[in-house]
Amino acid sequence: MDFSAGFPNSPGGRSLNAIDRLTALFSRLPGLGKKSAGRLVYHILDTDPSYAHALGEELLAFHHAIRRCSRCGSYTAEDPCPICADPQREPLICVVERAQDVRVIEESREFRGRFHVLGGLIAPLEGVSPEKLTIGELLARVRRESIREVILAMNPTVEGDTTALYIQKVLKDSGAEITRLASGLPVGGDLEYADRLTLSRSFRGRIRMS
Ligand SMILES: [Zn+2]
(Lines give C-alpha, C1' and ligand atoms only; values in the text may rest on other atoms or scores of the structure.)
Protein backbone atom coordinates (compact mmCIF):
# COMPACT_ATOMS: atom_id res chain seq x y z
CA MET A 1 0.00 0.00 0.00
CA ASP A 2 1.30 3.50 -0.78
CA PHE A 3 1.24 5.59 2.40
CA SER A 4 2.85 8.61 0.73
CA ALA A 5 -0.52 10.18 -0.15
CA GLY A 6 -1.18 13.14 2.06
CA PHE A 7 2.42 14.15 2.77
CA PRO A 8 3.28 17.49 1.14
CA ASN A 9 6.89 16.73 0.20
CA SER A 10 6.27 13.26 -1.13
CA PRO A 11 5.22 12.07 -4.58
CA GLY A 12 1.74 11.99 -3.07
CA GLY A 13 1.75 15.80 -2.79
CA ARG A 14 -0.83 15.98 -5.53
CA SER A 15 -3.25 13.98 -3.36
CA LEU A 16 -2.86 16.49 -0.57
CA ASN A 17 -3.90 19.24 -2.94
CA ALA A 18 -7.04 17.29 -3.78
CA ILE A 19 -7.77 16.93 -0.05
CA ASP A 20 -7.21 20.66 0.47
CA ARG A 21 -9.37 21.55 -2.50
CA LEU A 22 -12.30 19.42 -1.35
CA THR A 23 -11.91 20.68 2.24
CA ALA A 24 -12.00 24.27 0.96
CA LEU A 25 -15.13 23.55 -1.09
CA PHE A 26 -16.94 21.88 1.82
CA SER A 27 -15.99 24.65 4.26
CA ARG A 28 -17.91 27.12 2.07
CA LEU A 29 -21.15 25.35 2.99
CA PRO A 30 -23.17 27.02 5.78
CA GLY A 31 -22.45 25.64 9.24
CA LEU A 32 -19.25 23.85 8.22
CA GLY A 33 -15.94 25.18 9.52
CA LYS A 34 -12.57 23.99 8.21
CA LYS A 35 -12.40 21.28 10.88
CA SER A 36 -15.78 19.68 10.14
CA ALA A 37 -15.13 20.05 6.39
CA GLY A 38 -11.90 18.11 6.90
CA ARG A 39 -13.76 15.40 8.84
CA LEU A 40 -16.16 14.98 5.92
CA VAL A 41 -13.30 14.75 3.43
CA TYR A 42 -11.50 12.03 5.40
CA HIS A 43 -14.78 10.22 5.91
CA ILE A 44 -15.25 10.13 2.14
CA LEU A 45 -11.68 8.85 1.70
CA ASP A 46 -12.36 6.06 4.20
CA THR A 47 -15.67 5.11 2.54
CA ASP A 48 -16.18 2.91 -0.50
CA PRO A 49 -15.34 4.92 -3.69
CA SER A 50 -18.82 4.22 -5.06
CA TYR A 51 -20.19 6.71 -2.51
CA ALA A 52 -17.93 9.55 -3.76
CA HIS A 53 -18.88 8.61 -7.30
CA ALA A 54 -22.63 8.75 -6.57
CA LEU A 55 -22.19 12.05 -4.68
CA GLY A 56 -20.25 13.54 -7.59
CA GLU A 57 -22.81 12.40 -10.16
CA GLU A 58 -25.71 13.86 -8.16
CA LEU A 59 -23.91 17.19 -7.70
CA LEU A 60 -23.06 17.43 -11.40
CA ALA A 61 -26.68 16.92 -12.43
CA PHE A 62 -28.20 18.88 -9.55
CA HIS A 63 -28.62 22.31 -11.09
CA HIS A 64 -30.04 20.74 -14.26
CA ALA A 65 -32.48 18.59 -12.31
CA ILE A 66 -33.79 21.34 -10.01
CA ARG A 67 -34.92 24.76 -11.19
CA ARG A 68 -37.17 27.57 -10.00
CA CYS A 69 -40.90 27.32 -10.68
CA SER A 70 -41.74 30.08 -13.16
CA ARG A 71 -44.94 30.89 -11.25
CA CYS A 72 -44.12 30.75 -7.53
CA GLY A 73 -40.30 30.76 -7.52
CA SER A 74 -39.87 27.65 -5.38
CA TYR A 75 -37.39 24.90 -6.31
CA THR A 76 -38.84 22.10 -8.40
CA ALA A 77 -38.00 19.28 -10.79
CA GLU A 78 -40.94 20.19 -13.07
CA ASP A 79 -42.17 23.62 -14.13
CA PRO A 80 -44.76 24.58 -12.97
CA CYS A 81 -44.13 22.91 -9.61
CA PRO A 82 -46.58 20.27 -8.28
CA ILE A 83 -48.16 22.86 -5.96
CA CYS A 84 -48.84 25.40 -8.75
CA ALA A 85 -50.07 22.58 -11.01
CA ASP A 86 -52.51 21.26 -8.38
CA PRO A 87 -56.07 22.45 -9.19
CA GLN A 88 -57.24 21.50 -5.66
CA ARG A 89 -55.16 24.26 -4.05
CA GLU A 90 -57.28 27.05 -2.59
CA PRO A 91 -57.04 30.57 -4.08
CA LEU A 92 -54.82 31.79 -1.23
CA ILE A 93 -51.17 32.76 -1.60
CA CYS A 94 -48.66 32.46 1.22
CA VAL A 95 -45.77 34.87 0.59
CA VAL A 96 -42.38 33.72 1.89
CA GLU A 97 -38.87 35.13 1.82
CA ARG A 98 -36.91 32.05 0.65
CA ALA A 99 -37.66 28.93 -1.38
CA GLN A 100 -36.90 26.64 1.56
CA ASP A 101 -39.71 28.29 3.56
CA VAL A 102 -42.20 26.61 1.20
CA ARG A 103 -41.02 23.22 2.40
CA VAL A 104 -41.31 24.21 6.06
CA ILE A 105 -44.93 25.29 5.61
CA GLU A 106 -45.82 22.30 3.41
CA GLU A 107 -44.52 19.95 6.08
CA SER A 108 -46.69 21.60 8.72
CA ARG A 109 -49.76 20.60 6.63
CA GLU A 110 -51.46 23.70 7.97
CA PHE A 111 -51.93 25.43 4.64
CA ARG A 112 -53.59 24.16 1.46
CA GLY A 113 -53.11 27.21 -0.75
CA ARG A 114 -50.38 28.36 -3.14
CA PHE A 115 -47.01 30.01 -2.49
CA HIS A 116 -44.98 32.94 -3.70
CA VAL A 117 -41.22 33.24 -3.07
CA LEU A 118 -39.98 36.84 -2.82
CA GLY A 119 -36.29 35.99 -3.14
CA GLY A 120 -35.33 38.19 -0.18
CA LEU A 121 -36.60 41.11 1.90
CA ILE A 122 -36.43 44.84 1.25
CA ALA A 123 -33.14 46.10 2.74
CA PRO A 124 -32.08 49.47 1.29
CA LEU A 125 -28.76 49.49 3.18
CA GLU A 126 -27.80 46.20 1.54
CA GLY A 127 -28.98 47.38 -1.86
CA VAL A 128 -32.15 45.24 -1.94
CA SER A 129 -34.84 47.46 -3.39
CA PRO A 130 -38.44 46.27 -3.99
CA GLU A 131 -37.67 45.91 -7.72
CA LYS A 132 -35.16 43.18 -6.93
CA LEU A 133 -37.90 41.03 -5.39
CA THR A 134 -40.82 39.30 -7.13
CA ILE A 135 -43.46 41.75 -5.86
CA GLY A 136 -44.60 42.76 -9.37
CA GLU A 137 -45.11 39.08 -10.25
CA LEU A 138 -47.08 38.64 -7.02
CA LEU A 139 -49.50 41.43 -7.96
CA ALA A 140 -49.95 39.90 -11.43
CA ARG A 141 -50.66 36.48 -9.91
CA VAL A 142 -53.17 37.84 -7.40
CA ARG A 143 -55.17 39.30 -10.31
CA ARG A 144 -54.72 36.43 -12.76
CA GLU A 145 -55.48 33.66 -10.26
CA SER A 146 -58.36 35.54 -8.53
CA ILE A 147 -56.65 35.21 -5.17
CA ARG A 148 -58.92 35.66 -2.13
CA GLU A 149 -56.28 36.13 0.55
CA VAL A 150 -52.54 36.89 0.62
CA ILE A 151 -50.82 35.66 3.77
CA LEU A 152 -47.49 37.37 4.48
CA ALA A 153 -45.22 34.86 6.23
CA MET A 154 -41.96 36.75 6.58
CA ASN A 155 -40.30 37.03 9.98
CA PRO A 156 -41.13 40.01 12.22
CA THR A 157 -37.75 41.71 11.71
CA VAL A 158 -37.20 45.31 10.50
CA GLU A 159 -36.76 44.03 6.91
CA GLY A 160 -39.74 41.67 7.27
CA ASP A 161 -41.98 44.49 8.53
CA THR A 162 -40.81 46.91 5.82
CA THR A 163 -41.48 44.30 3.13
CA ALA A 164 -44.90 43.41 4.55
CA LEU A 165 -45.98 47.08 4.61
CA TYR A 166 -44.71 47.62 1.07
CA ILE A 167 -46.60 44.57 -0.26
CA GLN A 168 -49.73 45.67 1.60
CA LYS A 169 -49.54 49.01 -0.21
CA VAL A 170 -48.94 47.40 -3.64
CA LEU A 171 -51.85 44.95 -3.21
CA LYS A 172 -54.25 47.50 -1.68
CA ASP A 173 -56.61 47.59 -4.66
CA SER A 174 -56.07 44.00 -5.81
CA GLY A 175 -59.26 42.74 -4.18
CA ALA A 176 -57.43 40.23 -1.97
CA GLU A 177 -57.48 40.36 1.80
CA ILE A 178 -53.96 40.82 3.24
CA THR A 179 -53.07 38.97 6.44
CA ARG A 180 -49.83 38.29 8.27
CA LEU A 181 -48.69 35.32 10.34
CA ALA A 182 -48.94 36.03 14.04
CA SER A 183 -45.31 35.18 14.85
CA GLY A 184 -43.46 34.61 11.58
CA LEU A 185 -41.61 31.51 10.50
CA PRO A 186 -39.38 29.50 12.81
CA VAL A 187 -35.72 29.98 11.93
CA GLY A 188 -34.11 27.14 9.95
CA GLY A 189 -35.59 24.53 7.70
CA ASP A 190 -35.46 21.62 10.10
CA LEU A 191 -38.70 21.71 12.00
CA GLU A 192 -39.13 20.02 15.33
CA TYR A 193 -42.60 19.09 16.48
CA ALA A 194 -42.83 22.15 18.78
CA ASP A 195 -42.00 24.50 15.88
CA ARG A 196 -44.65 22.84 13.77
CA LEU A 197 -47.15 23.58 16.52
CA THR A 198 -46.00 27.21 16.64
CA LEU A 199 -46.37 27.48 12.89
CA SER A 200 -49.86 26.01 12.95
CA ARG A 201 -50.85 28.50 15.70
CA SER A 202 -49.38 31.34 13.58
CA PHE A 203 -51.54 30.30 10.63
CA ARG A 204 -54.72 30.01 12.66
CA GLY A 205 -54.11 33.29 14.48
CA ARG A 206 -53.12 35.33 11.43
CA ILE A 207 -53.65 39.05 11.65
CA ARG A 208 -55.61 41.08 9.15
CA MET A 209 -53.62 43.93 7.61
CA SER A 210 -56.14 45.38 5.19
ZN1 LIG B 1 -44.81 26.81 -8.30
**Prompt:** What is the calculated FRET efficiency for L32 to Y166, with r their C-beta to C-beta distance and R₀ = 41 Å, to the nearest 0.05?
**Reply:** 0.75
**Message:** How tilted is helix 49-65 with respect to the longest principal axis of the chain? Cα atoms for both, answer in degrees (0 to 90, nearest 10).
**Reply:** 30
**Request:** Enumerate the amide H contacts of R114 below 5 Å, restricted to partners 5 or more residues apart or on another chain; note that Pro and chain-start residues carry no placed amide H.
**Result:** L92, I93, C94
**Prompt:** Can you give the extra length, in nm with one decimal, that the chain gains between A61 and E106 once fully stretched, where that is 0.36 nm per residue apart less the Cα-Cα distance?
**Reply:** 13.7 nm
**the chain - charge dipole about Cα centre, Lys and Arg +1 at Cβ, Asp and Glu -1, debye rounded to 20** = 580
**Mean residue ellipticity (222 nm) of the chain, computed from DSSP H runs ≥ 4 via -39,500 (n - 2.57), nearest 500** = -13500 deg cm²/dmol
**Prompt:** Once amide H atoms are placed 1.01 Å from N in the peptide plane, what residues at a sequence separation of 5 or more from L152, or on another chain, have their amide H within under 5 Å of its amide H?
**Reply:** V95, T179, R180, L181
**Asked** For helix 135-144, what angle does its Cα long axis make with the longest principal axis of the chain, in degrees from 0 to 90 and rounded to 10?
**Response** 50
**Request:** Provide the per residue accessible area, probe 1.4 Å, for the chain, rounded to a whole number of square angstrom.
**Result:** 63
**Request:** With a 1.4 Å probe and every protein chain kept in, tell me what percent of the accessible surface of the chain is carbon plus sulfur.
**Result:** 55
**Fill in**
Exposed-loop cut sites defined as GluC sites (Glu not before Pro) in DSSP loop states with at most 13 other Cβ within 10 angstrom; longest site-free run of the chain spans 79-191
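Quick check: convex hull of the Cα atoms in the chain, volume per residue, rounded to a whole Å³? Write down the numbers at each step before the final one.
Details: hull volume 34.5 nm³, N = 210.
Cα convex hull per residue, to the nearest whole number: 164 Å³.
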**Label point at I19 placed 7 Å out along Cα→Cβ; residues across the range 37-74 whose backbone nitrogen lies under 15 Å** = 37-47
**Prompt:** In whole Hz, what ³J(HN,Hα) sequence does the range 120-132 give by Karplus (6.51, -1.76, 1.60; θ = phi - 60°), x for Gly and Pro?
**Reply:** x, 10, 5, 8, x, 5, 9, x, 9, 8, x, 5, 7
**Prompt:** In degrees from 0 to 90, rounded to the nearest 10, what is the angle of the helix 13-26 Cα long axis to the longest principal axis of the chain?
**Reply:** 10
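Taking trypsin sites (Lys or Arg not before Pro) as exposed when DSSP calls them loop (any state but H, G, I, E, B) and at most 10 other Cβ atoms lie within 10 Å, what is the longest stretch of the chain free of them, the sites themselves excluded? Walk me through the numbers on the way to the answer.
On the way: sites that count: R28, R109.
Of all site-free stretches, the longest is 110-210.
The values are calculated or read from the model by the stated rules, or taken from the named source; none is laboratory data. Owing to the predicted nature of the structure, the values given are computational and were not obtained by experimental measurement. We place every Cβ from the backbone using ideal geometry, glycine too, and count neighbours over all the protein chains shown. The area values use the complete protein model at the heavy-atom level, side chains included, leaving out ligands, DNA and RNA. Shrake-Rupley method; radii C 1.70, N 1.55, O 1.52, S 1.80 Å.
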